[in-house]
Amino acid sequence: MANIKSQIKRNRQNERRRERNKAVRTELKTAAKKARTAVSEGGGEAATELLRSASRAIDKAASSGIVHKRTAARRKSRLAKAAGATGSEG
């Protein structure tokens, strides 16, 4: 345990950020999974909308530093590739 006052505060801040980041990363996985499921079931409009929202969520996470920008690009690319393979890209 830290003895320095500023480090005690820094530890509290880091813990709050860690919890927030974990929640966002979990939401990213859920959004991507929903989009992939919709695409594989041939959702059409719904699949396109889910892909768009998943892509937006990935971009937001990358812009706030929760995931690395290259990781975000890779995930978006894989989602788009999965959509294109089934022919429901919008």
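The values are calculated or read from the model by the stated rules, or taken from the named source; none is laboratory data. Predicted, not measured: the structure shown is a model, and the values here were computed from it. Please note: Cβ atoms are built from the backbone with ideal geometry, for glycine as well, and neighbour counts cover all protein chains shown. In case anyone asks, the SASA skips ligands and DNA or RNA and just uses the protein heavy atoms, side chains included. Shrake-Rupley method; radii C 1.70, N 1.55, O 1.52, S 1.80 Å.
In the condition set (1) at pLDDT 95 or above; (2) within 26 Å of A82 (Cα to Cα), N11 is compliant with all but (2).
Going by the structure shown, is E19 under 26 Å from S63 (Cα atoms) and open to solvent by 70 Å² or more (accessible area, probe 1.4 Å)? Here the answer is yes, as E19 does meet what is asked.
Remark: pairs (first residue in the stretch 66-85, surrounded by 19 or more Cβ atoms within 10 Å (Cβ to Cβ); second residue of a type in the set (F, W, Y); Cβ separation under 8 Å; 6+ apart in sequence or on different chains) are absent.
Looking across the stretch 22-52 at every residue that is part of a helix (DSSP H, G or I) and over 14 Å from L79 (Cα atoms), the one that is most open to solvent (accessible area, probe 1.4 Å) is identified as E45.
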